[in-house]
Amino acid sequence: MGIYYNNILKIIHNFNKMINNKISAIIKARRSIFPSQFNGQKIEQETILELIKNANTAPSHKLTQPWFFKVFSGSSKTSLAQELIKQNQLLQHTQKKDKLLLKFQNSSHIICICMQRDKTKSIPEWEEIAATAMAVQNIWLSCVDSNIGGYWSTPKGIEKLNKFLNLKKNERCLGFFYIGIYESIKERKIPRKNIEQETEWFD
Ligand SMILES: Cc1cc2nc3c(=O)[nH]c(=O)nc-3n(C[C@H](O)[C@H](O)[C@H](O)COP(=O)(O)O)c2cc1C
């Protein structure tokens, strides 16, 4: 009788929880945290590796797993910033240059989000970009409820970094994921579109 009752409870419980509320809460809590909010402290490499391992579980068509990452910290961050400035005239104005250098300084690591196009082009490129973005989302979600924050930035002239990043012909960099430690952040209300109104249902 006890087992029967427990099973009924389990069924009711599962029915009410078709979706794990904790996961919904994590997804809804994800947000961009910008370098101006970082305290400049360095995150342990082990933690960064854990984030990258989470990224690596993203789905991909034909399992091409197109994402890969080049991670900059310490003085290599400055070299990366200098190269970006060198390649982008717009960043050469003192104010913009200083702003960018400060962003790099405040960040613990800059993760270059890279993508490798399947050599046989067995799937469309957009699918490989989409898969890489899903890998980045895994990093972003992994930061929820921690003191690690980050955001994806796509600086102008990123394609000019190919040589510096030692990328092959079939590889490209889709941007930087700035990552750092923050103490506190202000509340931010992002106006989300009304997806309920925009969704079409067909029975
Ligand atoms: C592919 C991609 C590229 C982005 N590039 C930039 C960028 O160049 N500069 C920037 O300020 N934010 C960039 N963002 C971050 C968005 O501004 C941010 O996600 C958006 O404001 C929503 O905020 P939230 O991440 O807190 O939900 C990018 C986001 C994505 C997904």
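The values are calculated or read from the model by the stated rules, or taken from the named source; none is laboratory data. Worth saying up front: this structure is predicted, and the values here are computed from it rather than measured. So basically every Cβ, Gly included, is an ideal-geometry build from the backbone, and we count neighbours across all protein chains shown.
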Report task. Kindly check whether there is at least one residue in region 54-73 that is within 16 Å of the ligand (Cβ to nearest atom), outside any loop (DSSP other than H, G, I, E, B) and farther than 22 Å from Ala130 by Cα. Result -> no
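Which is away from the ligand (no atom under 14 Å from the Cβ) and either over 16 Å from Ser60 (Cβ atoms) or in the same structural domain as Ala58 (by TED's automatic domain parsing) (or both), of Leu165, Leu84? I'd like the intermediate steps shown before the answer.
Details: Leu84 fails: away from the ligand (no atom under 14 Å from the Cβ).
Of Leu165, Leu84, the one residue that is away from the ligand (no atom under 14 Å from the Cβ) and either over 16 Å from Ser60 (Cβ atoms) or in the same structural domain as Ala58 (by TED's automatic domain parsing) (or both) is Leu165.
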Query raised in the report: Which one of these is surrounded by fewer than 17 Cβ atoms within 10 Å (Cβ to Cβ), over 30 Å from Asn170 (Cβ atoms) and not polar (S, T, N, Q): Lys119, Lys86, Lys96?
Result: Lys96
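Only one residue in Ser142, Ser153, Ser146 is near the ligand (Cβ under 9 Å from one of its atoms) and of a type in the set (Ser, Thr, Tyr), so which one is that? Before you say what the answer is, go through the steps one by one.
Numbers: Ser142 fails: near the ligand (Cβ under 9 Å from one of its atoms); Ser146 fails: near the ligand (Cβ under 9 Å from one of its atoms).
Only one candidate qualifies: Ser153.
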Query - Among residues of region 150-202, those that are free of Cβ contacts under 8 Å to residues at least 12 places away in the same chain and among the hydroxyl-bearing types (Ser, Thr, Tyr), counted - result: 2
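Can you find, within region 123-139, the residue that is nearest to the chain's Cα centre (by Cα) among those that are within 20 Å of Lys28 (Cβ to Cβ) and either aliphatic (A, V, I, L, M) or away from the ligand (no atom under 11 Å from the Cβ) (or both)? Working first, answer last.
Narrowing region 123-139 to residues within 20 Å of Lys28 (Cβ to Cβ): 133-134, 136-139.
Adding the requirement that they be either aliphatic (A, V, I, L, M) or away from the ligand (no atom under 11 Å from the Cβ) (or both) leaves 133-134, 136, 138-139.
Details: Ala133: 7, Met134: 8, Val136: 3, Asn138: 7, Ile139: 5 Å.
Residue satisfying both the conditions and the ranking: Val136.
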Query raised in the report: Considering only residues of region 1-42 that are small (Gly, Ala, Ser) and away from the ligand (no atom under 16 Å from the Cβ), which is modelled with the lowest pLDDT?
Result: Gly2
**Report entry** Failed condition for Glu198, given (1) closer than 18 Å to Ser79 by Cβ; (2) away from the ligand (no atom under 12 Å from the Cβ)
**Finding:** (1)
